[in-house]
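Asker: Can you read through this structure? Questions will come right after.
Only the coordinates and a few stated rules stand behind these numbers; no lab work does. Everything quoted here is computed from the prediction, not taken from an experiment. Cβ placement follows ideal geometry from the backbone for every residue including glycine, while neighbour counts extend to all protein chains displayed.
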Amino acid sequence: MQSMYIKLTESCNLKCPFCYVVQNNNKMTLKTALESIDKYNPEEIIFHGGEPTLEKKLILNILKNRPNYKYSITTNLMTNIDKELEYILKKCSVATSYSYDRFINKNQFDKFKSNFNKVIKINDITLLITLTPKQLIRPTKELCNIIKELNPTNVTLERVRLDYITDINEYKNLYKLTDEYLYEIFSRGLIPIEKNNLYKMIVKSIKTNTPVFSNCNVITVNPDGSVINCPNGPLEKKRLKECITCNIYQYCKNDCQSFSSLACSFPIKTVSFVKEALYNGSNER
């Protein structure tokens, strides 16, 4: 069984500088949504965008017409929470994202925090930390203080995809910085293990000898009904020269295709730290 992202709209109420979605006015119809659900019969349906909460009526109609599915929603939590949206956020598993450069001013962040605090009272929230270049130069302690303040149910740390990078040295430097940032968070125990989804993914990968980022049994349905596989087509990682001598290659060989076009982007130092801690019996930090 596979999960299915339904891209309800390609419009958004934010213009995050790191977002790879090209914003336009494309919107999905109820007919397209229901036909896609019936065709693929997914294990989980994830409302996505753009910003899916801009299409509340469509979400409500999908929930009404196909009630017997597991639903999730990925939202920036910047839409006013009325009764309709509150109902949606109760019915769906909720994920929202944070990065230092997502908000252009304090008022935006205050609105996000206010909505976050409303939603966490009615449902669990997974906080997706997008590790953008501007986030990576901020102190890790600052980020972890924000996580502590928001107190989400779970935290997922995710690398940023920047298609404009074509220089191999710039690419390597970005993902080396990402690895160092993750390593500092992990080695200092700045996010509790029970909340740290990436930590749990790495531990599972090491214990089962499977790739960390292997959850690609997922399809995305675009507003026009066309379908792409995760993330941009069939996964076939390009084996790099450094892979031959890498001692944790078995944990990354299904790494996201969009992160392996120029050089290794896998968090080698972080994964090695977790592996060593597990073997030494010191993974409880």
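Asker: Compute the length gained on full extension between Ser114 and Glu158: take 0.36 nm times their separation in residues and subtract their Cα-Cα distance, giving the result in nm to one decimal.
Answerer: Stretched out fully, the Ser114 to Glu158 stretch lengthens by 13.5 nm.
Asker: Let me ask another. How large is the helix-only mean residue ellipticity at 222 nm for the chain, computed as the sum of -39500 (n - 2.57) over DSSP H runs with n ≥ 4, divided by its residue count, in deg cm²/dmol to the nearest 500?
Answerer: Value at 222 nm, helices only, nearest 500: -11000 deg cm²/dmol.
Asker: Out of residues 5 or more away from Glu51 or on other chains, whose amide H comes under 5 Å of its own, with H placed 1.01 Å from N in the peptide plane?
Answerer: Residues meeting the amide H criterion: Ser11, Cys12, Asn13.
Asker: If you don't mind, another one. Within the chain, what's the longest stretch lacking GluC sites (Glu not before Pro) that sit in DSSP loops with no more than 16 other Cβ atoms inside 10 Å?
Answerer: Result, exposed sites excluded: 44-193.
Asker: Now a separate question. Which of the following values of Cα Rg over 2.2 N^0.38 Å was calculated from the structure shown: (1) 1.02; (2) 1.13; (3) 0.97?
Answerer: (1)
Asker: Okay, next question. What is the calculated FRET efficiency for Leu34 to Asn280, with r their C-beta to C-beta distance and R₀ = 51 Å, to the nearest 0.05?
Answerer: 0.45
Asker: Could I ask something else about it? Could you go through region 268-280 in sequence order and give the Karplus-derived ³J(HN,Hα) for each residue, using 6.51 cos²θ - 1.76 cosθ + 1.60 with θ = phi - 60°, rounded to whole Hz, and x for Gly and Pro?
Answerer: 4, 5, 5, 5, 4, 4, 5, 4, 5, 5, 5, 5, 8
Asker: Here's a follow-up. Report the antiparallel proportion of the DSSP beta bridges in the chain as a percent, rounded to a multiple of 5.
Answerer: 10 percent
Asker: Same structure again: Of Asn65, Asn107, Asn26, which is farthest towards the positive pole of region 1-142's charge dipole, taken about the Cα centre with +1 and -1 on the beta-carbons of Lys, Arg and Asp, Glu respectively?
Answerer: The one lying farthest along the dipole's positive direction is Asn107.
Asker: Once amide H atoms are placed 1.01 Å from N in the peptide plane, what residues at a sequence separation of 5 or more from Ile125, or on another chain, have their amide H within under 5 Å of its amide H?
Answerer: Under 5 Å from the amide H of Ile125 lie the amide H atoms of Thr153, Asn154, each far enough along the sequence or on another chain.
Asker: Something else now. How large is ³J(HN,Hα) for each residue in region 104-112, as worked out from phi by the Karplus curve 6.51 cos²θ - 1.76 cosθ + 1.60 (θ = phi - 60°), to whole Hz, x for Gly and Pro?
Answerer: After applying 6.51 cos²θ - 1.76 cosθ + 1.60, I find 8, 7, 5, 4, 4, 5, 4, 5, 4 Hz.
Asker: Moving on. Measure out, as a whole number of angstrom, how far apart the alpha-carbon centroids of region 1-73 and region 150-210 sit.
Answerer: 27 Å
Asker: Give me, ordered by chain and number, the residues 5 or more places off Ser72 or on other chains with an amide H under 5 Å from its own placed amide H.
Answerer: Placed amide hydrogens put Ile45, Ile46, Phe47, Ser93 under 5 Å from Ser72.
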